[in-house]
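Below is one structure, written out as structure tokens, with a few remarks after it.
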Amino acid sequence: MTVSLMLCGCQQIPAVAETPAQNATPSTAETDLKAAARLERVNADLLASTSATLTLEKWCADHNLASPATIAVEHAPPTENPITDAQRTRLQIGPDTEVRYRNVKLKCGDRTLSEAENWYVPSRLTAEMNTALTETKTPYGKVIRPLAPRRQTFALDRGIWLDAQLAPSGKMRPEPSAPPCQETVFSHSALVLSGDNTPLAEVRENYKMELVCFDPLGASRTTNQ
């Protein structure tokens, strides 16, 4: 279910213990609820942040997902996904302004935490930034840091599983069955603006169950195949 956002008085999310109680063996249902709570926590962190890259890097470090806890990109094979008229309107550009398309996985170690599509305006970046985006594994958010960027999220899709897990108490929840670690569990669409409010890019980010596939979670690592 896609929800337009007015940013935001976000709901406060209760803390979730990082380890089960001693001698306790959580059921799969309890495990799924813990996973959902953690996903909603990182979701809220991303919505409140100026940089998805830095938020993911902090999450990776806080949960010891890799050492060093650094986000790097893996470029997808070259492809085309032409920008739409609506996107050009949001980016405040005319029909002849060049827009480049970038499709990457954001990885912490060997874990893919998100997959991102990015339509960016190269004329609003420096030559060095444009070279870094095509020739290095540096995430977009880090490349453009000198422009003091911020995010303006305009759509959120939690997906069926996460939406159901977060349903109010008393409503029917699905049978416990956490998605595979590489499955998308929530998505954001956002504008990236410079410090002077110039639109730099539109991004569509698909965040993965891999964010919470760690012990003791536990979403089963055996589903990550």
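Annotations for the structure displayed:
- Against the list (1) outside any helix (DSSP H, G or I); (2) modelled with pLDDT under 95, the condition Thr134 fails is (1).
- Within the stretch 36-50, residues that are more than 13 Å from Tyr207 (Cα to Cα) have Cβ atoms under 8 Å from residues that are in a loop (DSSP other than H, G, I, E, B) and at pLDDT 95 or above in these pairs: Thr50/Pro149, counting only partners at least 6 apart in sequence or on another chain.
Quick grid of which residues meet (1) modelled with pLDDT of 95 or more; (2) exposed (fewer than 11 other Cβ atoms within 10 Å of the Cβ):
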{"residue": "Thr31", "(1), (2)": "no, no"}
{"residue": "Ala35", "(1), (2)": "no, no"}
{"residue": "Leu46", "(1), (2)": "yes, no"}
{"residue": "Leu65", "(1), (2)": "no, no"}
{"residue": "Glu74", "(1), (2)": "yes, no"}
{"residue": "Thr89", "(1), (2)": "yes, yes"}
{"residue": "Tyr101", "(1), (2)": "yes, no"}
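- Selected residue (criterion: nearest to Met209 (Cα to Cα)) from residues of the stretch 142-162 that are at pLDDT 95 or above and in a helix (DSSP H, G or I): Lys142
- Hits in the stretch 76-85 - residues which are modelled with pLDDT of 95 or more and exposed (fewer than 15 other Cβ atoms within 10 Å of the Cβ): Thr84, Asp85
- Some residue of the stretch 10-27 being touching a helix residue (DSSP H, G or I) at 6+ places or on another chain (Cβ under 6 Å), farther than 25 Å from Arg204 by Cα and modelled with pLDDT under 95: yes
- Screening Thr55, Thr50 for residues that are at pLDDT 90 or above and part of a helix (DSSP H, G or I) leaves exactly one candidate, Thr55.
- Any chance Ala164 is surrounded by 14 or more Cβ atoms within 10 Å (Cβ to Cβ) and free of Cβ contacts under 8 Å to residues at least 24 places away in the same chain: yes
- Condition check for Thr136: free of Cβ contacts under 8 Å to residues at least 60 places away in the same chain, under 24 Å from Pro68 (Cβ atoms) and not hydrophobic (A, V, I, L, M, F, W, C): yes
- Per-region count, the stretch 58-99, residues part of a strand (DSSP E or B), closer than 24 Å to Ser123 by Cβ and hydrophobic (A, V, I, L, M, F, W, C): 1
- Considering the stretch 117-166, and only residues there that are aromatic (Phe, Trp, Tyr) and under 20 Å from Val104 (Cβ atoms), the residue that is farthest from the chain's Cα centre (by Cα) turns out to be Tyr120.
- Failed item in (1) more than 18 Å from Arg38 (Cα to Cα); (2) buried (at least 18 other Cβ atoms within 10 Å of the Cβ); (3) out of contact with any strand residue (DSSP E or B) (no Cβ under 8 Å at 6 or more places or on another chain); (4) in contact (Cβ under 8 Å) with a residue 24 or more places away in the chain, with Ala178 passing the rest: (1)
- Looking only at residues in the stretch 104-118 that are buried (at least 21 other Cβ atoms within 10 Å of the Cβ) and small (Gly, Ala, Ser), the one that is nearest to Ala190 (Cα to Cα) is Ala116.
- The stretch 51-83, residues that are without any contact (Cβ under 8 Å) to a residue 24 or more places away in the chain and either within 13 Å of the chain's Cα centre (by Cα) or within 15 Å of Ser187 (Cα to Cα) (or both): Thr55, Lys58
The values are calculated or read from the model by the stated rules, or taken from the named source; none is laboratory data. The structure displayed is predicted, hence computed values, not measured ones. Glycine gets a Cβ as well: all are built from the backbone with ideal geometry, and neighbour counts include every protein chain shown.
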